[in-house]
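Let me begin by presenting the structure, written as structure tokens, before commenting on it.
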There are 2 protein chains.
Amino acid sequence: MTRERSPLTPESSVPTLADVARRANVSTATVSRCLNSPDQVIERTRNRVMDAVNELGYAPNFSARALAARHTNTIGAVIPTMDNAIFARGIQAFQEELGRHGFTLLVASSSYKEALEEEQIRTLAARGADGLLLIGYHRNPALHEFLRARSVPALVAWAYEVDSDIPAIGFSNRNAMADLARLVFEKGHRDIGMISADTKGNDRARDRLAGVRLAAREAAIDVDRMPVIETTYSIESGMQAFRQIMGWTPRPTAVFCGNDVLAIGALKAAKEMGLSVPEDVSITGFDDIEIASLAEPALTTVHVPHREMGRRAAGMLIDMVTKRTVPESVELQTDIRLRRSLGPPKT
Amino acid sequence: MTRERSPLTPESSVPTLADVARRANVSTATVSRCLNSPDQVIERTRNRVMDAVNELGYAPNFSARALAARHTNTIGAVIPTMDNAIFARGIQAFQEELGRHGFTLLVASSSYKEALEEEQIRTLAARGADGLLLIGYHRNPALHEFLRARSVPALVAWAYEVDSDIPAIGFSNRNAMADLARLVFEKGHRDIGMISADTKGNDRARDRLAGVRLAAREAAIDVDRMPVIETTYSIESGMQAFRQIMGWTPRPTAVFCGNDVLAIGALKAAKEMGLSVPEDVSITGFDDIEIASLAEPALTTVHVPHREMGRRAAGMLIDMVTKRTVPESVELQTDIRLRRSLGPPKT
């Protein structure tokens, strides 16, 4: 059974500020004040105005206000996924800082699909976002042109490339992973493998793989013989990839994972295969999400300052929106959390 | 150092469909076709039109299109938090199903704050969302009135109350938790405690606590003496609350946690206190997020069909938006995942 709803409000009856003023029996200036500086209006008047706002379904009108001022106090973010903790902590800090400055955050998630990200960027621009946070650099350059033409500033996060002129806050995924790999090689590992996210269209994944290869070459390891399995970011696919990579000859004594989610999958698969970590095989991650330190054994990984990145990204983007300036890009430092999942190879 | 950006595009120069048509040297109908049914346009023309779209920064105009048709193919969701996995899986499935039907999802997160949720609901309505997904029933009733007045349908998820006339898809948090509690009492536990989220403003938390009390009364346990600690949803606060609750006399032999995140914190605190789970104390969760089965020991919890809920919520909301009907509310079944963290009390 379905009940009928009342028919659509026709276009002409979308309520205006004047309608609210009329219903509440106040001036339009008073309605504005109620919405923008409620502290300056006595409570009885404010209640009457807010009742009228609710009864009429009035909202500060995006057709008039947004187009005129191009200022909606809404910031958009397009992240690759909400379904695991990779971006959660940074985005939460981003939102908290935006909130402190009176901005509302709307988030879209692209499932790591380039075409979907493009659609979401256009949607957020069309919905009047004052500025956008985007993850990584890899996308159709026409999108940055599109945003410039609409005067919607965009800030890249989770990546940093010294020679890009797109403003960014992030870190060098390549250098961070190379630092971790150097530590693994110092422990004596020569037979290694890597479980990576799909490197096509994901510059962070590509750079992390490049970091392992860089450190391997420094250690005079033949990187062309290193098994690399590209998969999607999930515990399940980490498990599958780990089983596959352990069938390689010579069998890896250390497996790099492109992020902690894959590494948790690898740990789980190792347990099911009856392998001890790190005695039989070392496993490393990237990100230092909460589960990394809770895992058994706890995971050696690259710690990313997610909350700092989110907080500072908000400040940068607010400046871009309100002061119309282009900030210097910011490179953050990562560091290595050495935990039990990394040890020397069996001799 | 900051570089100056070009001045704001003045209102009058926001590009129109006609501007795109002129620049691409095609009819406005062709531009429409490129945007709405690109398959029907030959590639050369399509490329020329899309170049013009990008150069001008054109986006299907919300002032004209959205207000006229009240149809933006954008759905909004306001969830209490992005910073842990509680809502991630359901929202991901919600988005995937919306995407299959050509809708884009924008998500706002309210940090469990009622005033922030209200602001975000108004923002999403103002940004032209066709419909909204909201979590639970607890909010200012004026908001539902506001949305009705604007003809923006809203669907409640993650909760189900048989006597509410607001459309919903969810489950009975009270019955689900009562089922789990009955199992705990069957194991012989009499001295219990509960770590809950703040029950003020969170109907799911309140109902889960009510479920434990219901089953306790059935088992003739004095519920007034049961220690209940209300805290925020995080591993850290779960740890703190567990330490506190284990100081209670008589010491609980089983601790119910309002969700898996709190339970993971409790497990971690138990380990630090040198307590064996379940030999010294049993611990239970709620949600069955991924970490529940990975924990050591694995967590006994209530399994919520998150993906099914998200997928079906999308179908219901699309019907509400496109067919203007009000659906029957849907009650989903939860079930108990009995894992190692629950055992009989020490005798």
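Below is a table of values for the structure above.
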| quantity | calculated |
| --- | --- |
| Residues (basic (Lys, Arg) and surrounded by 23 or more Cβ atoms within 10 Å (Cβ to Cβ)) located in region B:121-171 | B:Arg127 |
| Test: residue in region A:321-329 that is surrounded by 17 or more Cβ atoms within 10 Å (Cβ to Cβ), in the same structural domain as A:Val162 (by TED's automatic domain parsing), under 18 Å from the mean Cα position of the chain (by Cα) and assigned to a loop (DSSP other than H, G, I, E, B) | yes |
| Residues (farther than 25 Å from A:Glu97 by Cα and within 14 Å of chain B (Cβ to nearest Cβ)) located in region A:292-337 | A:Ala292, A:Ser293, A:Leu294, A:Ala295, A:Glu296, A:Pro297, A:Ala298, A:Leu299 |
| Out of A:Val162, A:Val184, sole residue that is of a type in the set (A, V, I, L, M, F, W, C) and modelled with pLDDT of 95 or more | A:Val184 |
| Candidate set: region B:211-238, residues that are assigned to a helix (DSSP H, G or I) and closer than 17 Å to B:Asn259 by Cα; chosen: the one farthest from the other protein chains (Cβ to nearest Cβ) | B:Arg213 |
| Test: residue in region A:241-252 that is within 16 Å of A:Asp179 (Cα to Cα), more than 14 Å from chain B (Cβ to nearest Cβ) and among the β-branched types (Val, Ile, Thr) | no |
| Residue under evaluation B:Ala205, criteria (1) among the hydrophobic types (A, V, I, L, M, F, W, C); (2) farther than 30 Å from A:Ile79 by Cβ; (3) without any contact (Cβ under 8 Å) to a residue 60 or more places away in the chain; (4) away from chain A (no Cβ under 14 Å), criterion not met | (2) |
| Residues (of a type in the set (Gly, Ala, Ser) and surrounded by fewer than 18 Cβ atoms within 10 Å (Cβ to Cβ)) located in region A:238-252 | A:Gly247 |
| Residue that is in contact with a Phe, Trp or Tyr (Cβ under 6 Å, 6 or more places away or on another chain) and more than 21 Å from B:Ala181 (Cα to Cα), where the choices are B:Gly310, B:Gly315 | B:Gly310 |
| Candidate set from region A:269-314 (those that are in a loop (DSSP other than H, G, I, E, B) and β-branched (Val, Ile, Thr)); member that is farthest from A:Ile245 (Cα to Cα) | A:Val304 |
| In region A:195-236, residue modelled with the lowest pLDDT [restricted to those that are small (Gly, Ala, Ser) and within 19 Å of the chain's Cα centre (by Cα)] | A:Gly201 |
| Pick from region A:95-115, criterion of a type in the set (A, V, I, L, M) and at the interface with another protein chain (Cβ under 7 Å from one of its Cβ atoms), ranking: nearest to A:Asp198 (Cα to Cα) | A:Ala108 |
| Subset of region B:253-269 (residues that are surrounded by fewer than 24 Cβ atoms within 10 Å (Cβ to Cβ) and in contact with a strand residue (DSSP E or B) (Cβ under 8 Å, 6 or more places away or on another chain)) | B:Thr253 |
| Of residues in region B:76-113 being under 17 Å from A:Gly90 (Cβ atoms) and among the small types (Gly, Ala, Ser), the one modelled with the lowest pLDDT | B:Ala85 |
| Residues satisfying the stated conditions in region B:300-347, i.e. among the aliphatic types (A, V, I, L, M) and closer than 15 Å to B:Ala168 by Cα | B:Met309, B:Ala313, B:Ala314, B:Met316, B:Leu317, B:Ile318, B:Met320, B:Val321, B:Val326, B:Val330, B:Leu332 |
| Members of region B:176-202 that are in contact (Cβ under 8 Å) with a residue 40 or more places away in the chain and surrounded by fewer than 19 Cβ atoms within 10 Å (Cβ to Cβ) | B:Asp179, B:Leu183, B:Lys187, B:Gly188, B:Arg190, B:Asp191, B:Asp198, B:Gly201 |
| Selection count where residues are more than 14 Å from chain B (Cβ to nearest Cβ) and free of Cβ contacts under 8 Å to residues at least 24 places away in the same chain, scope region A:157-175 | 1 |
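The values are calculated or read from the model by the stated rules, or taken from the named source; none is laboratory data. Predicted model only: the values in this text are computed from it and were never measured. Because the Cβ atoms are built from the backbone with ideal geometry, glycine has one as well, and the counts that use them run over all protein chains shown.
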